[in-house]
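The values are calculated or read from the model by the stated rules, or taken from the named source; none is laboratory data. As the structure is a prediction and not an experimental result, all values here were calculated from the model. Virtual Cβ from ideal backbone geometry, glycine too; neighbours counted across all protein chains shown.
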Amino acid sequence: MTLIRPRTAAIPTRMLDEAQPGLSVMDAIVVLVGVVIGIGIFGFPPLVAQHAGSEAMYIALWCAGGLVMLVGALCYAELGSAYPGAGGEYLYLTRAWGPRVGLMFAWARCTVIQTGAIAVVAYIYGDYAQRLMPLGTYGPAAHAAISVAALTALNIVGTRYSKRLQWVFTVLTLGALAAVLVASLTASGDTAAAAATPTPLVGSPAGLMGMGMVFVLLTYGGWNEAAYLSGELRNPGRNMSRVLLIGTAIVTGAYVLTNLALLEIFGLQGLRDTPALGADVMQLAAGPYAAALLSLTICATALSTINGTIITGARVYYALGRDVPRLHALAGWSARKETPVAALLAQGAITLVLVALGAFSQNSVQTLVAYTAPVFWIFMLLVAASVWRLRQLDPERPRPFRVPLYPLPPLLLGLTCAGLVYSSAVYAGAGALIGLAVLAAGIPMLRLLKPAGMSG
């Protein structure tokens, strides 16, 4: 997943067929790095620290995340170069495992994955907004709900307005990350806090590490964009591996260096207890006014992710309504506003329910991740297996980029996904069961809601 920024915007096949490869290696690296580095680095390090028993384990988790990013991107790059049509994972799963699996994936995105991702980022926004404008005990939840409702309303008014706002948010995102990196180098932390012995963790070491990896990989979210880069890259058979290796090295290096600096400032226990990470770093480096300014900038960064995910997520509902006759109401499109109004309303309502669910938990972000993670990794496991499956079903298909050392990368990705399904489900408990129950609720619908062209 990227749980923080799922990419599902439909691209007309005609447009893809007419597109000419125009990305250089450097262009593709910039795109990949820009997609991966986002709001997660401001919100997830404390949650990773809460599942790491030592500083060495904490850094090892971030290094392992870089390896998973590389292996996953290699698999997605082969799928994307062989099947560059609209739909991403929906297309791969439908081709590999049949339309029923594709339909279940669409159901999961609409009810669990996409809406859960929006709600998670909304709570990261809420933690920072609460510092600027306290709204009481449930302030973060209130800010999260307001952000979802306001940005959904903006998208209903018209896509052109949300796109303009997205440009502003993107510029502020880059500025916020640069500020945190500089402040991390200049801040002097509390020496006593940094040297404090971390509190021993309770629970299975394997389960703790698995859940820590879930949060790490949320921060690395976006590497599946390699599937879309492959169709636009010049000479993808030769250049795709270079893009992935260099891009992964840059992202992993940036994350590891940033987290080493955070450990130096806060120590592992201090990092566990720091919910608004960027603001606290800036407070130490430049005082309260700079902390407030950075909190405002990070709020804009989170709003950027929420807005982008709302835009792409609504298109999933629209596609589902287009393909499933009994959900035809979701396929309503306003030509004047250039937006799927019914889909946006449905997505906003489900997301607000999840925000309300998070409001009554001790750790809202962790609860929502527990709800989404097992379902997300189940389908990621199927995508990994699709590399093997489609080579068997469609061996003559041109593959401009082929996974090196096949079948090792898809096997490693599949085993990683299986481990994350297990560890996140066991550790998260009831939260995971809710997400899995919502997924299971879609199974009876397969007989009632046959997509167009489905047989049997």
Take the conditions modelled with pLDDT under 80, closer than 25 Å to A314 by Cα and surrounded by fewer than 21 Cβ atoms within 10 Å (Cβ to Cβ) and apply them to P12. Does it pass? yes
Can you tell which of A206, A249 is within 26 Å of the chain's Cα centre (by Cα), closer than 20 Å to W62 by Cα and modelled with pLDDT under 80? A206
For L381, are the conditions met, namely being farther than 19 Å from F215 by Cα and out of contact with any strand residue (DSSP E or B) (no Cβ under 9 Å at 6 or more places or on another chain)? no
Candidates I350, I310, I306 - the one that is of a type in the set (V, I, T), in contact with a Phe, Trp or Tyr (Cβ under 9 Å, 6 or more places away or on another chain) and in contact (Cβ under 8 Å) with a residue 60 or more places away in the chain: I306
Matching option when the condition is closer than 29 Å to Y220 by Cβ and basic (K, R), among R326, R322, R391: R391
Does L368 qualify as being part of a helix (DSSP H, G or I), of a type outside the set (K, R), within 28 Å of A153 (Cα to Cα) and under 22 Å from the mean Cα position of the chain (by Cα)? yes
Could you tell me whether the range 434-448 includes any residue that is modelled with pLDDT under 80, surrounded by 12 or more Cβ atoms within 10 Å (Cβ to Cβ) and farther than 30 Å from G237 by Cα? yes
Looking at G66, G102, G116, G80, which one is in contact (Cβ under 8 Å) with a residue 12 or more places away in the chain, farther than 30 Å from S361 by Cα and within 16 Å of the chain's Cα centre (by Cα)? G66
Yes or no: L91 without any contact (Cβ under 8 Å) to a residue 40 or more places away in the chain and either in contact with a Gly (Cβ under 9 Å, 6 or more places away or on another chain) or among the aliphatic types (A, V, I, L, M) (or both)? yes
Suppose the filter is of a type in the set (F, W, Y), over 24 Å from D127 (Cβ atoms) and either modelled with pLDDT of 85 or more or in a helix (DSSP H, G or I) (or both); does Y76 pass it? yes
In the range 310-360, residue modelled with the lowest pLDDT [restricted to those that are farther than 23 Å from V121 by Cβ and not in a helix (DSSP H, G or I)]: K337
